[in-house]
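Novice: To start, I am sharing the structure in question, which I have written as structure tokens.
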Amino acid sequence: MSFFNSIGRSMNRAPKPPKRSTTPTSATFPSTESLPPPSPTAPSPPKPLYLCSPFVEAALVRGNFKTIVMQPKHVDVMEWVAVNMFDFYTNLNQFYGVLAECCTQQSCPSMNAGPQLNYTWINQDRKSVQLPAPTYIDYVMTWVQNLLDDESVFPTRSGRDFSPNFPSTIKHVYRQLLRVFAHLYYAHYQQILHLRSEPHFNSLFAHFLAFGKEYELLDIKDVKGQPNAVVGIGALWEKWKEMGILAS
Ligand SMILES: [Zn+2]
């Protein structure tokens, strides 16, 4: 995994995000008839596939992610966070670009990430509104792209400093990107498996979690949810800690 491929943000920043919904074809995703049928009268909900072997172990990187999130010598911490944010956003946006065909207003009328967990969006009138997942994710991705393009938030010219608000802005970005990951794991893991992308997706997410923990950008409450509104990926976080993929 390269950490430096986006150091040259000033040169190649702001590539247009992939146009969502054009990449996959109907052949990419087999119809749901070919998926294993859900167990008919299971007394408790089946364990999500992302928690099952071998998928839970699938990764491009072996070992603990802590080593790859460490700040390199001579690199400013703000710059280190900025380039990693750029990478997380770009990679997640590409995944979403491929999965967008399956994430529609019909399949995902709400932005969910657990059996009792729907995220709401705060609109311009500061009202909390329910949105279909694709609309919610589109808002998040557009918002983050605009921040990345904003020289006052992500300065690229020499002599310009990061704003004192940068850490709090990044925490907001982290929370929203976490929600996108949480929805994709909860609602679209079957499609990720069909694409055989689980090693890539797990590695990206484990890297995102490890980085967020190391630089205190991540609120553990957001990863796990509340007892009455559990986030599906909270169990994955615990499992990866048990397995030594994430530092405990
Ligand atoms: Zn969806």
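Novice: Taking neighbour counts of Cβ atoms within 10 Å as a proxy for exposure, in what order, fewest first, do Met141, Met85, Met78, Met70 appear?
Specialist: In order of increasing Cβ crowding within 10 Å: Met70, Met78, Met141, Met85.
Novice: Straight-line reach only, C-alpha to C-alpha below 20 angstrom: list the aspartates and glutamates that Lys241 could link to, leaving out same-chain residues fewer than 8 apart.
Specialist: Result set, ordered by chain and number: Glu57, Glu198, Glu214, Glu216, Asp219, Asp222.
Novice: A further question follows. Pop out the Kirkwood hydrodynamic radius of segment 74-242 from its pairwise C-alpha distances, inverse of mean 1/r, in Å to one decimal. Walk me through the numbers on the way to the answer.
Specialist: On the way: mean 1/r = 0.0597 Å⁻¹.
Over segment 74-242, the inverse of the mean reciprocal pair distance is 16.7 Å.
Novice: Within a 10 angstrom radius of the beta carbon, how do Ser203, Ser197, Ser107 rank from fewest other beta carbons to most?
Specialist: The fewest-first ordering by Cβ neighbours comes to Ser107, Ser197, Ser203.
Novice: Holding the Cα-Cα limit at 21 Å, pick out from Lys171/Lys239; Lys213/Lys239; Lys47/Lys224; Lys66/Lys213 the pairs that are longer than that.
Specialist: Values: Lys171/Lys239 24 Å; Lys213/Lys239 16 Å; Lys47/Lys224 16 Å; Lys66/Lys213 9 Å.
Over 21 Å Cα-Cα: Lys171/Lys239.
Novice: Counting other beta carbons within 10 Å of each Cβ, put Glu57, Glu101, Glu216 in order, fewest first.
Specialist: Glu216, Glu57, Glu101
Novice: Select from segment 143-177 those trypsin sites (Lys or Arg not before Pro) which occupy a DSSP coil region and have at most 11 other Cβ atoms within 10 Å, ordered by residue number.
Specialist: Those satisfying the criteria are Arg157, Arg160.
Novice: Still on this structure, please answer the following. Label point 7 Å out from Met243 along Cα-to-Cβ: which residues of segment 50-68 have amide N under 13 Å?
Specialist: Within reach of a label on Met243: 50-65.
Novice: Points 7 angstrom from Cα along the Cβ direction at Arg160 and Gln94: gap in nanometres?
Specialist: 2.6
Every number here is computed from the coordinates shown, using simple stated rules; none is lab data. Owing to the predicted nature of the structure, the values given are computational and were not obtained by experimental measurement. So basically every Cβ, Gly included, is an ideal-geometry build from the backbone, and we count neighbours across all protein chains shown.
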